[in-house]
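The values are calculated or read from the model by the stated rules, or taken from the named source; none is laboratory data. Since the model is a prediction, treat every value here as computed from it, not as a measurement. Cβ placement follows ideal geometry from the backbone for every residue including glycine, while neighbour counts extend to all protein chains displayed. Each accessible area value is taken on the protein alone, full model and side chains, heavy atoms only, with ligands, DNA and RNA left out. Shrake-Rupley method; radii C 1.70, N 1.55, O 1.52, S 1.80 Å.
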Amino acid sequence: MQFWSGTPFMSAAEALQLAQILDEAGFDGVICADHMIYPRTLTSRYPSESGTPGWAPETAWPDSWVMIGAMAALTRTLRFSNAVYVAPSRPLVEVAKVVATAAEVSGGRVSLGVGVGWMREEFELMGQDFGTRGKRLDEMIPALRALWRGGWVSWAGEHYRVPEMMLEPHPPGPVPILCGGESEAALRRAARLCDGWVGTAYVLDEAVRHVDRLSDLRREYGRAEQPFEVLVALLDPPSVELYQRAEEAGITAVMVAPWAMAQDRRDATMRFADKVISRFR
């Protein structure tokens, strides 16, 4: 079992400090969340029962890849990913460039967690079509792998055409790509095209239902024997036994925040590492 933490709703300075604490404590990784802007007039429906985001318009969303580069410079073994990066709201070559650069400066300690997004206003601001975002993400995933090979690279598909070019630096090794989202389309995308799946927060039984569905889909696509990561947060009370059950069910990593309600973030994180993470090493 791997143990990850997150930085949403933190300032950039707080996230950098937390990354150093997590690295010292022996955590496996940290995730960054992604939004470009919050429009004055928001017409897009947030995917929740209320239909509205649970954060204020002035909430800061530091750029994921700037933050990952900065955190990588301050840490030794901590890995970095997203939950999630709205890749189809950006041009393909831009995504390839920023992720490749982060992979290079971190020594290969990054994975890319992608999702289709929900805010039409962000796509329109970036000049990307909102209606085709799912189809474009399906194509973007293999296109990114092609553009990350190094040397002369190109891509020709339905939605993207990249002439032969050099895109350097290229990643020092394969960059795992994980998919977020709970829809059937998202689960199929993860099972068919990706190296793993990023969920949100669930009680264990609900998380296991998603894992079981992903297992069925991976068998359908002939990928059942390939390595596959599953990264989720669990709403059940944290315990060694909970994480053992999760691991047995096929969950490979959990997002935890032992520091969330603590006055001393470092002390709370170190105690969690000593009492829980050490049992899985």
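Structure values in brief
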item: Distance in nm between pseudo-label sites at ARG209 and ARG45 (7 Å out along the Cβ direction from Cα); result: 2.1 nm
item: Exposure rank, largest accessible area first [ASP195, ASP34, ASP129; 1.4 Å]; result: ASP129, ASP195, ASP34
item: Average projection area in nm² (convex hull over Cα atoms of the chain, one quarter of hull surface); result: 14.9 nm²
item: Accessible-area ranking of TRP4, TRP61, TRP259, largest first, probe 1.4 Å; result: TRP61, TRP259, TRP4
item: Quotient of C-alpha Rg and 2.2 N^0.38 Å, computed over the stretch 109-163; result: 1.26
item: Inter-site label distance for ASP63 and ARG281 at 7 Å from Cα along Cβ, in nm; result: 3.5 nm
item: Three-way shape call for the stretch 168-281 based on the alpha-carbon gyration tensor, with the a/c threshold at 1.5; result: prolate
item: Whole-number accessible area per residue in Å² for the chain, which is evaluated in the context of all protein chains at 1.4 Å; result: 47 Å²
item: Exposure rank, largest accessible area first [MET1, MET140; 1.4 Å]; result: MET1, MET140
item: Tensor-based shape of the stretch 12-147 (alpha-carbon gyration tensor, a/c under 1.5 rounded, otherwise prolate or oblate); result: oblate
item: Accessible surface of the chain, 1.4 Å probe, proportion on carbon and sulfur as whole %; result: 52 percent
item: Computed FRET value (nearest 0.05) for GLU158 with VAL240, which takes r as the C-beta separation and R₀ as 41 Å; result: 0.25
item: Residue-level accessible surface for SER278, protein heavy atoms, 1.4 Å, Å²; result: 60 Å²
item: Cα centroid separation - the stretch 160-233 against the stretch 27-100, whole Å; result: 17 Å
item: Residue-level accessible surface for HIS159, protein heavy atoms, 1.4 Å, Å²; result: 60 Å²
item: Percent of Cα pairs exceeding the 21 Å cut-off, where the set is the stretch 113-245; result: 53 percent
